[in-house]
Amino acid sequence: MPTTGNPVLNLSVFAVFVLITLYVVYRASSRNVTASDYYAAGGSFTGAQNGVALSGDFLSAASFLGISGGIAAHGYDGFLYSVGWVVAWLVGLLLIAEGLRNTGRFTVGDVLAFRMRQRPVRAAAANATLVISFFYMIAQMAGAGGLVALLLDVTSKWGQALLIALVGMIMVAYVLIGGMKGTTWVQIIKAVLLLLCVTTMTVFLLGKFGLSLSAIMQQAAENNELGAAVLDPGAKYGFSAMSKLDFVSLALSLVLGIASLPHVLMRFYTVPNAVEARRSVVWATWTMVIFYLCTLVIGFGAMALVGTDTIAAAPGGENSAAPLLAFRIGGAVLLGIVSAVAFATILAVVAGLTLAASASFAHDVYANVIKRGDAEPRREIRVARLTAVVVGALSIIGGIAANGQNVAFLVSLALALAASANLSTILYTIFWRRFNTVGTLWSIYGGLGSCLVLILFSPVLSGSRTSIFPDVDFAWFPLGNPGIVSIPFSFLCGFVATILSKPDADKAALAAEMEVRAIAGIGVKGGTGS
Amino acid sequence: MTKAIRSPGETLQEYREIRGFASFDDPATLSYVDSNGKPNYEAIRQTDEFRALRRRLTTFIFPMTALFLTSYLTFVLLSAYAKDFVSTKVIGVVNLGILLGLGQFVTSIIITLGYSRYAKRRLDPQRKLLAEKTGVEE
């Protein structure tokens, strides 16, 4: 089947990219000495640079491959992801970015433990970070598997597993060598390339169809088994009352999850102050709007030119819509470029995730829980690097297991987890003075726990044809995405636990400090806390 | 300025240190930063400037959050439960739902730019004012 281009060409474009970015990472990291350099690039990036990197962090394989694939397969229902992921940045802009920048240094744990009892809260924050990052990483790895399968025409499960492992190892190398600065530069390069790539494809498609989205959608509908119905809502979700509820639940996770992802939150520390943090979200929002407008065109374009059946039959399934379209309109060279960019995306995002997870373990668990805030910085960084290797290994295993699932869907689970564990806790701790340690622990563990349990007993894992374990059935929770239950539950847990417990003793001064710093941004440098 | 009323539980000594009456030499700087150079956040929190800043911030971000979440959920709920309505064709085969979705893009940009402008004009100057008054820098 001549849909995959030339594997040698694909590989060489990819290899060139890896070499160039590795060189950049190496150059950027010449002085990765202090913990601040490693975790937060010494706070040295501008708002614009960080904004592009921020969007780079989110323009993952899930966004590019998953959403264009989702639209190519399910039309309107795939479009929901795009809308949710644009609107979601407002949560980050209005509620989180500046307060977070002003009250923490390296990790989410810094902010959550600011005015609480340090050890239990930091341990809880680190647990949440590790679980969320792990789920998110599985999604990226599964995307890598699909892409590799398509590019190199590797169809055997073992071959794909080997390639996933290889990708995982390269990404750990990025983190070990580059730290936050190197990772940020890779994100910037990749985000720019990705944007160029999608806008070029979009311009081409619009040109081909006489600047009419309607014309693209019309031809798309002709190439889908559902016909014109694919342009209306319901192609994937609309069949029963329960699946409609699932759709709403998914939508909620999409909009509330992004600004709660640990690796996105950590990005706010790479800028020198809150004004730059705000500026970076504004940049990220613009980038997102352009990107998702393009994926809408690309998704329907793939449906129109490649056809849903061909996409579904290709190695990698839905996730291969964009690369297949690239081959259809630009031949092997464009396919090579698109695939290299998609690959780079996975590498860069996974590197960011690994960094967030390892920072959380080293800074929160090792330095503050085990060493009680008295760790030597060099040792702390060594622990962080070691954690990066362990996290990388785990995600390789997870990615091999989840190979073949739609990556945008897998990401939505990570988003549900993030929104459940982090969002309620961050908002309470920044804006609610009465909030205390007991409330913090309940809202983190309540949200995280309920979300995990519901995923475990949902159709995602067992009991249906498309489950990860299709042969067994222990599902009793009917929704594929638990957000609609677990997110409100974590808000409730945090509220009730706080009301029913005593305020923290001796923390009034810290609470005042946190409030002043979060809102006014003064006393941030040289302040206590973190 | 706020009227000099002690809060319950505060000793006269603390009260004087906070308000800066303990020293006649340099009351303005002593009020908000102690002898070790550590800011007195509780006192800063009580200033009119800080209260005004907090009010300006919260009266913008919370209603805006409510607004965009409502508009987003309206789009989602219409897509899920009013299928026929959003399937109405508007331009060619482009239906109302797609346009509503793209409308979310537009409102997101408007709110983002609006907040950026509001922060620059109403929040950042107030922060600067507070920093100057209290002598606590960023």
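With Cα atoms defining each centre, the range B:39-82 and the range A:375-395 are spaced 38 Å apart in the structure. The long axis of helix A:76-91 is offset from the longest Cα principal axis of chain A by roughly 30 degrees.
Among A:424-434, A:210-220, A:458-468, A:300-310, the peptide with the highest mean count of other Cβ atoms within 10 Å heads the list, and the full ranking is A:300-310, A:424-434, A:210-220, A:458-468.
Ligands, DNA and RNA left out, the 1.4 Å accessible surface of the range A:369-420 is 59% carbon and sulfur atoms. The share of accessible area on the range A:24-165 that comes from carbon and sulfur is 62 percent, using a 1.4 angstrom probe. The three principal axes of the Cα atoms in the range A:236-296 give end-to-end lengths of 50, 25, 15 Å, sorted in falling order.
Looking only at the range A:487-502, which residues have a backbone nitrogen under 11 Å from a spot 7 Å from the Cα of A:Arg434 in the C-beta direction? So the set is A:495-501.
Tell me: how much accessible area in total is hidden between A and B, 1.4 Å probe, Å², nearest 100? For chain A against chain B, roughly 5000 Å² becomes buried. Here B:Glu137 sits with roughly 130 square angstrom of accessible surface, probe radius 1.4 Å. Taking only the C-alpha atoms of the range A:84-137, Rg followed by Dmax gives 12.8, 36 Å.
Under a 5 Å amide H cut-off, with hydrogens placed 1.01 Å from N, B:Val33 pairs with B:Asn40 among residues at least 5 apart or on other chains. Measuring r between the beta carbons of A:Arg379 and B:Lys89 and using R0 = 56 Å, the FRET efficiency lands at 0.30. Angle between the Cα long axis of helix A:483-500 and the longest principal axis of chain A, 0 to 90 degrees, nearest 10? Here the helix axis deviates by roughly 10 degrees. Model label sites at B:Arg122 and A:Glu222, defined 7 Å from Cα along the beta-carbon direction, differ in position by 5.3 nm.
Please report the net charge: other residues with Cβ closer than 9 Å to the Cβ of A:Leu305, K and R +1, D and E -1. Value of the local net charge: +2. Estimated at the nearest 10 Å², the accessible area of A:His74 is 40 Å² with a 1.4 Å probe.
Accessible surface comparison of B:Lys89, B:Lys120, probe 1.4 Å, protein chains only, largest first: the order is B:Lys120, B:Lys89. For the range B:51-138, the Kirkwood hydrodynamic radius comes to 15.7 Å, computed from all pairs of different C-alpha atoms.
Per residue of B:32-43, other chain Cβ atoms within 10 Å of the residue Cβ number 4 on average. For A:Val282, the accessible surface of its heavy atoms amounts to roughly 20 Å² (probe 1.4 Å, protein chains only, rounded to the nearest 10). Note on surface exposure: A:Lys507, A:Lys208, B:Lys38 rank A:Lys208, B:Lys38, A:Lys507 by accessible area, highest first, 1.4 Å probe. Spin-label pair A:Val192-A:Trp158: with each label point 7 Å from Cα along the Cα-Cβ axis, the two points sit 4.3 nm from one another. Counting, for every residue in B:78-89, the Cβ atoms of other protein chains within 10 Å of its Cβ and taking the mean gives 5.
Of the listed residues A:Arg278, A:Arg385, B:Arg51, the order by accessible area with a 1.4 Å probe, largest first, is B:Arg51, A:Arg385, A:Arg278. Average 1/r across all pairs of distinct alpha carbons in the protein assembly as shown, invert it, and you get the Kirkwood radius: 25.5 Å.
A 1.4 Å probe run over the range A:35-128, with the rest of the protein chains in place, finds 13 Å² accessible per residue. Note on B:Phe62 and B:Ser35: the model spin-label points, each 7 Å out from Cα along the C-beta direction, lie 4.1 nm apart. For a distance above 14 Å, tell me the whole-number percent of Cα pairs in the range A:317-384 that qualify. Of all Cα-Cα pairs in the range A:317-384, 68 percent lie more than 14 Å apart.
Per-residue ellipticity at 222 nm computed for chain A from its helices equals -23500 deg cm²/dmol, with DSSP H segments shorter than 4 residues left out and the rest contributing -39,500 (n - 2.57). Maximal additional length on extending the A:Met242-A:Ile468 stretch stands at 79.3 nm, based on 0.36 nm per residue less the C-alpha distance. Mind pulling the angle between the C-alpha long axis of helix A:118-151 and the longest principal axis of chain A? Nearest 10 degrees, somewhere in 0 to 90. Between helix and principal axis, roughly 10 degrees.
The values are calculated or read from the model by the stated rules, or taken from the named source; none is laboratory data. Remember, it's a predicted structure, so these values are computed and weren't measured experimentally. Cβ: placed from backbone, ideal geometry, glycine included. Neighbour counts: every protein chain shown. Only protein heavy atoms, including side chains, enter the accessible area calculation; ligands, DNA and RNA are left aside. Shrake-Rupley method; radii C 1.70, N 1.55, O 1.52, S 1.80 Å.
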